[in-house]
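Report on one structure; see the data block that follows.
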Amino acid sequence: MTDVPANSDNSSLTVRDNRTGREYDIAINDNTIAAKDLAQIRLDDEQPGLASYDPGFVNTASCRSAVTYIDGDKGILEYRGYPIEQLAEKSTFLEVAYLLIYGELPSKEQYDQWVHEITYHTFVHENVRTFMEGFRYDAHPMGMLMASVGALSTFYPDARDIGDAHNRHIQIIRMIAKMPTLGAWSFRHAQGKPFIYPDNDLSYTANFLSMLFRMSERRFGADERLVKALDTLFILHADHEQNASTNAVRSVGSTQVDPYSAVAAGVGALFGPLHGGANEAVLRMLRRIGTKENIPDFIKGVKDGEERLMGFGHRVYKNYDPRAKIIKKSAEDVFEVTGTNPLLDIALELEKIALEDEYFVNRRLYPNVDFYSGLIYEAFQFPPEMFTVLFAIGRTPGWLAQWVELVQDPEQRIARPKQIYTGPRTLDFTPSSERWA
Ligand code: CMC
């Protein structure tokens, strides 16, 4: 180990290519080397330069970002420098959305204007409604959301002017405003219930609950504790740096396409079970365990490698996921209103046992964001297919903040990875008329 600070100006890496005996100095900046600097390392002028191979970008930085900071070892998550715990307790989802996108907390005037603009863009064109009605009766709400977000690009062709800051602002307002409308209508469609129009006298999250659940009453009055809990969940999901869906938004956005098309790609990535679907798996697991008495057997199965304790462990967090702590508290608030879920007792007991068991302690496996969120969503009476839709609504400001950062970053180029070609070469083509004769 050396004493050279990680970001020291003179840090560099000396590499010796044992094929040629040549040595190279490669600059280290921000604890990374530039992959393009490897290209100078080559066998001879005929050969391509050295590249790095990193499926899944496990150890490759794709951008510089000032949006979200994570320290997985210490269990720290910050948006624009503000700890997630403080934002969840003291802020609102729309204020956090402003912070993520514009980088600073809004003044009173900025906040009022922001909320006003979002509130008055919640309606969608009537053709979006007929478009959504055209889906099969049992269409998955996430598929409907993905398609309808993408379809918005056809309603707002001006969105293609991504170089204009004011234009970007308008599209951002539209997208944050309309996601709950599209999400709620996707849910109502599968239930065969009429679509409910936005109520602009309600807050962002209360309006979403109204569009989801209102029937014949004049106004849907959700319990304030439920509104706060859902708003908090949106805050917790608002950004998580370069996760799979954000990477999808950035990759598609790097082609300079409009933001609706880029965000539709993010929704598609989130749809996958490896990204947005773990909380549903937690519920299935808790149901299967059934009673507290079955927990020791279940834990034994996990330790024997027969299955996984879903909602535990994280690629980045090797400590308690800070979002899980906040969600656990929100779960208590929600159950105060809805009555407790018997699965909660099993979850609490599982957590207690796992946190004391050396298998989990040694592997640094702690509850993640999904361990308790499914229980809360179920208390709201959301079917599991809606869980990822809720995630997508919460993640929209993060996707947009990262998209704005991308389009303003002079270092960014179209995302176009290299490959290692493994197929055949220079075959002779025989026309089908001869091959099939
Ligand atoms: N239950 C039991 N053992 C586990 C678990 C688990 N949930 N997670 C990891 N391990 C073990 C794993 O078997 C391995 O043990 P060994 O060293 O003996 O082979 C060790 O811990 C390291 O695991 P890994 O698979 O190398 O870790 P990873 O970083 O590749 O995987 C993970 C991270 C989240 C995919 C994994 O922990 C997991 O599958 N968890 C359960 C699913 C889950 O809750 N996913 C939601 C993640 S949070 C969502 C988000 O932030 O978007």
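When Gly339 is tested against (1) crowded, with 23+ Cβ neighbours inside 10 Å; (2) on the phi > 0 side of the Ramachandran plot, only condition (1) is not met. Evaluated against (1) farther than 28 Å from Ser186 by Cα; (2) more than 16 Å from the ligand (Cβ to nearest atom); (3) of a type in the set (S, T, N, Q); (4) free of Cβ contacts under 8 Å to residues at least 24 places away in the same chain, Gln412 falls short on exactly one condition, (4). Of the set (1) over 19 Å from Val149 (Cα atoms); (2) of a type in the set (Phe, Trp, Tyr); (3) away from the ligand (no atom under 12 Å from the Cβ), all apply to Phe298 but (3). If you go through segment 52-68 and keep only what is touching a residue at least 24 places away in the same chain (Cβ under 8 Å) and either outside any loop (DSSP other than H, G, I, E, B) or surrounded by 11 or more Cβ atoms within 10 Å (Cβ to Cβ) (or both), you end up with Phe57, Thr60, Ala61, Ser62, Cys63, Arg64, Ser65, Val67, Thr68.
Residues that are loosely packed, with under 14 Cβ neighbours inside 10 Å and not hydrophobic (A, V, I, L, M, F, W, C) number at least 2 in the following helices (runs of 4 or more DSSP H) confined to segment 86-171: 108-119, 126-133. Scanning segment 326-378 for residues that are more than 26 Å from the chain's Cα centre (by Cα), among the polar types (S, T, N, Q), farther than 22 Å from Arg225 by Cβ and in a loop (DSSP other than H, G, I, E, B) yields a count of 0. Taking segment 301-343 as the range and being near the ligand (Cβ under 10 Å from one of its atoms) and in contact with a Ser or Thr (Cβ under 9 Å, 6 or more places away or on another chain) as the test, the residues that pass are Gly311, Arg323, Ala324. Being more than 30 Å from Asp231 (Cα to Cα), loosely packed, with under 15 Cβ neighbours inside 10 Å, touching a Leu at 6+ places or on another chain (Cβ under 9 Å) and not polar (S, T, N, Q) is the requirement here; does Asp71 meet it? Spelling it out, it is not the case that Asp71 is more than 30 Å from Asp231 (Cα to Cα), loosely packed, with under 15 Cβ neighbours inside 10 Å, touching a Leu at 6+ places or on another chain (Cβ under 9 Å) and not polar (S, T, N, Q). Among all positions in segment 178-190, there is at least one residue which is of a type in the set (A, V, I, L, M), within 16 Å of the chain's Cα centre (by Cα) and under 27 Å from Tyr102 (Cβ atoms). Determine which single condition Pro48 fails, assuming it passes every other condition in (1) modelled with pLDDT of 95 or more; (2) in contact with a helix residue (DSSP H, G or I) (Cβ under 9 Å, 6 or more places away or on another chain); (3) not in a strand (DSSP E or B). Exception for Pro48: condition (1).
The values are calculated or read from the model by the stated rules, or taken from the named source; none is laboratory data. Fair warning: this is a prediction, and the values are worked out from it, not measured in the lab. In this analysis, Cβ positions are derived from the backbone assuming ideal geometry, glycine residues included, and neighbour counts consider all displayed protein chains.
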